[in-house]
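Notes to accompany the following structure.
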Ligand code: ADP
Ligand code: MG
Ligand code: MG
């Protein structure tokens, strides 16, 4: 049982104040959706939690099971059980998907998984996400389609088994089939009850497949409304205008 606790988090980027006091608690087994208009600071929240150097914490706390995450390096955060799927993953020429994933598992566990065990987990994960076996030998993110990038993110998550997974715009750029496969991956994963999921999205579409337990509306760098899954339905019909007016 794990808990991510974000308390009054304030974050600036290049001296510009972006997050203005975010409060949120995510526990294992819970799925929280963060929804909001473009530019409201959703990705800033994800990067700040992950420890991206461009994002300066100007106030507040982020605790994972009571320990201060903000004191940890990016690697240490991953070892502590945090997983971040990025909106814009980087290309790494010369590193295959398979090697990358094995290194990532090694880094997080603190020891290399046995080759046979890893190969089996990798194959099962790829099968479940309908990923072609040849994909494992391709260079990381090089020429990946939108759908391949997202499937790869979910594959990473399944292999790393984080305590808390932050998925930023996992649904963007996916066609309906890929969206279903990716959503099924997230659902399979959350069904274990061992991971808390923070699903950040601009669109309500993915929430038809991945039913959140809680929905938070983000506007102007803070949470302006919170509710259950019904809030996503309301956003789908009414949009974000009501919130952007209020926070402007
Ligand atoms: P969202 O993910 O909700 O679309 P972002 O967190 O990407 O919002 O952006 C929030 C605000 O912070 C925007 O005004 C954006 O221009 C600014 N911002 C975010 N990241 C950076 C950055 N690396 N450099 C400069 N400005 C940034
Ligand atoms: Mg954006
Ligand atoms: Mg974003």
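Annotations
- Hull volume in cubic angstrom per residue (convex hull over the Cα atoms of the chain): 122 Å³
- By average C-beta atoms within 10 angstrom, highest first, the peptides 125-132, 35-42, 162-169: 162-169, 35-42, 125-132
- Taking all Cα pairs closer than 8 Å and separated by 6 or more residues, the relative contact order of segment 1-159 comes to 20 percent.
- Value of D in µm² per second that Stokes-Einstein yields for segment 89-225, Kirkwood Rh from Cα pairs, at 10 °C (1.306 mPa s): 100 µm²/s
- Anisotropy class of segment 89-132 from Cα gyration tensor, a/c 1.5 cut: oblate
- The calculated P(r) of segment 1-56, using every Cα pair and 5 Å bins from 0, goes 4, 17, 27, 27, 15, 7, 2, 0 in percent.
- Protection-proxy order for peptides 209-217, 194-202, 9-17, 107-115, each taking the mean of Cβ atoms within 10 Å per residue, highest first: 194-202, 209-217, 9-17, 107-115
- Taking every C-alpha pair closer than 8 Å and separated by at least 6 residues, the mean separation divided by the residue count of segment 86-213 gives a relative contact order of 27 percent.
- The chain: most fluctuating residue of 188, 102, 222 per GNM, C-alpha cutoff 10 Å: 188
- Among 156, 137, 61, residue whose mean-square fluctuation peaks in a GNM of the chain (springs only between Cα atoms under 10 Å): 137
- For segment 31-110, the square roots of the Cα gyration tensor eigenvalues, ordered a ≥ b ≥ c, give a/c of at least 1.5 with a/b no greater than b/c, which places it in the oblate category.
- In the chain, the DSSP-assigned H stretches of four residues or longer account for a calculated mean residue ellipticity at 222 nm of -11000 deg cm²/dmol, using -39500 (n - 2.57) per stretch and the full residue count as denominator.
Any read-out appearing in this document is the output of simple, stated calculations on the displayed coordinates, not a laboratory observation. All of these numbers come straight from a predicted model, not from anything done at the bench. Neighbour counts are summed over all protein chains in view; Cβ atoms, including those assigned to glycine, are modelled from backbone coordinates with ideal geometry.
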